[in-house]
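Here's the structure, in structure tokens; my notes come after.
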Amino acid sequence: MAQIEFQNVSYRHEKKSILKDISMNVEPGDYISIMGPSGSGKSTFLKLCCHLISPTGGRILFNNEDLMRQDPIQIREKISYCFQTPVLFGETVRDNLSFVYSIRKRAADWKRVDFLFSRFNMSRDYLNHKIEGLSGGEKQRIALIRTLLFRPDVLLLDEVTSALDADNTLIVERAIEALNQEGITILWVTHNPEQGKKYAGKLLTIEDGQIKSLEKLR
């Protein structure tokens, strides 16, 4: 059974057709790189996957049920989206991580925090760092750690390394590969052809709002 299924999905915004008649399946445990020219509809595709926006045509299934009829809050606990530009809040790293637990009325799991810090090559000392003093690479890694405190079934990544240097990019790539090996489905939008084929099992190419190809890499 497909984890996410697009059935003739289209999306229009202000009379402009962004995606046209998209049909494809995302299988559990997939690692799919999504590539294509700027403005081709890649980010729109990700937003449709997690009900951030609704299709204007066709149907999307998640675990064989209509995505649009499922509770958006529950969907986002299972399908997590990480944006290209990280958005952090509060004053410290601790504020960002504690908030995730407080809104769920759960005690903070600091063992989970420590594990994720280690995975993203960061020390626990970062908990007390001020947000304003973090580099772009550090902010992106904190945003990813925050997203992963509660393990999602599907992780959507929208060019999360496009502004990072080579060292930070490699740290993130290896961490995401490990998450996929643990069973998390990965959909990663990237403009980097080398990155697109480095770890992914499939390469989805979108051009002019349509699927140009879905290639199996390994």
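Quick one: grab the alpha carbon gyration tensor of region 1-60, order the square roots of its eigenvalues as a ≥ b ≥ c, and give me rounded if a/c is under 1.5, else prolate or oblate depending on whether a/b is larger than b/c. Cα axes put region 1-60 in the oblate bin.
Our note on the geometry: Cα centres of region 9-37 and region 131-145, 29 Å apart.
Quick test of the membrane-span-like rule: which DSSP H helices of the chain reach at least 30 Å along their long axis (C-alpha atoms) with mean Kyte hydropathy at least -0.5? In the chain, no H run is both long and hydrophobic enough.
In plain terms, the chain from Asn25 to Glu194 could stretch by 58.5 nm, reckoned as 0.36 nm per residue minus the Cα-Cα distance.
Taking 0.36 nm per residue of sequence separation and removing the Cα-Cα distance, the Asn64/Ser102 pair yields an extension gain of 10.6 nm. Each of Lys130, Lys42 was scored by other Cβ atoms within 10 Å of its Cβ. Listed from fewest to most, they are Lys130, Lys42. The alpha carbon centroids of region 58-83 and region 173-201 are separated by 21 Å. State whether region 66-196 is rounded, prolate or oblate according to the following rule on the C-alpha gyration tensor (a ≥ b ≥ c being the square roots of its eigenvalues): a/c under 1.5 gives rounded; otherwise a/b larger than b/c gives prolate, and the remaining case gives oblate. Since a/c reaches 1.5 but b/c is at least a/b, the shape of region 66-196 is classed as oblate. Normalised by the number of residues in the chain, the average gap of Cα pairs under 8 Å and 6 or more apart makes the relative contact order 31 percent. Taking amide H positions as modeled 1.01 Å from N, with prolines and chain starts lacking one, the residues under 5 Å from Arg12 and 5 or more places away or on another chain are Ile18, Thr56. Under the criterion of Cα pairs below 8 Å and six or more residues apart, the relative contact order for region 1-76 equals 40 percent. Helices in the chain, meaning DSSP H runs of at least 4 residues, each add -39500 (n - 2.57). Divided by all residues, the mean residue ellipticity at 222 nm is -9500 deg cm²/dmol.
Name the shape class, rounded, prolate or oblate, that the alpha-carbon gyration tensor gives for region 93-134, where a ≥ b ≥ c are the square roots of its eigenvalues, rounded holds for a/c under 1.5, and otherwise prolate holds if a/b is larger than b/c and oblate otherwise. Oblate.
Each value in this text was obtained by applying a stated rule to the coordinates, not by laboratory testing. The structure presented is a predicted model; accordingly, all values stated were derived computationally and were not measured. FYI the Cβ positions are ideal-geometry reconstructions off the backbone, even for glycines, and counts take in every protein chain you see.
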